[in-house]
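Laboratory data are not the source of any read-out in this text; all were calculated from the coordinates shown. Being a predicted model, the structure only gives us computed values, none of them experimental. Note that we place each Cβ from the backbone using ideal geometry, even for glycine, and neighbour counts take in every protein chain shown.
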């Protein structure tokens, strides 16, 4: 099970790199791959209890994933807001949005 968390952590690291580079296609592909791994974790979740070392690895991975997710959102959300603004017809924009 820790290897799944480690795989998600690596994918999360790659997602962060992609978003930093503005590589949205790679980000989307990595999001799909990440979801597949998360689905596997959900299925296998409670099959076997983790020993202390495995639990430590799991927690470290989750901490890194959360950190990466926060940074990804900090980069991605302003970009998405700007894109949404650009796609809104000028007649529908509020002057304070400019």
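For region 1-64, what are the per-bin percents of Cα-Cα distances with bins 5 Å wide, up to the bin holding the maximum? Taking every Cα pair in region 1-64, the percentages come to 4, 19, 25, 22, 15, 9, 5, 2.
Taking the simple approach of a point 7 Å from Cα along Cα-to-Cβ for both residue 56 and residue 28, what is their distance in nm? With each label point 7 Å from Cα toward Cβ, the separation is 4.2 nm. Fewest neighbouring Cβ atoms within 10 Å first, the residues 66, 30, 4 line up as 66, 4, 30. Taking the fewest neighbouring Cβ atoms within 10 Å as the starting point, the ordered list for 63, 15, 87 is 87, 63, 15.
As a footprinting exposure proxy, order 58, 36 by other Cβ within 10 Å, with the fewest listed first. Kindly include the intermediate steps, with their values, before the conclusion.
Values: 58 17, 36 11.
In order of increasing Cβ crowding within 10 Å: 36, 58.
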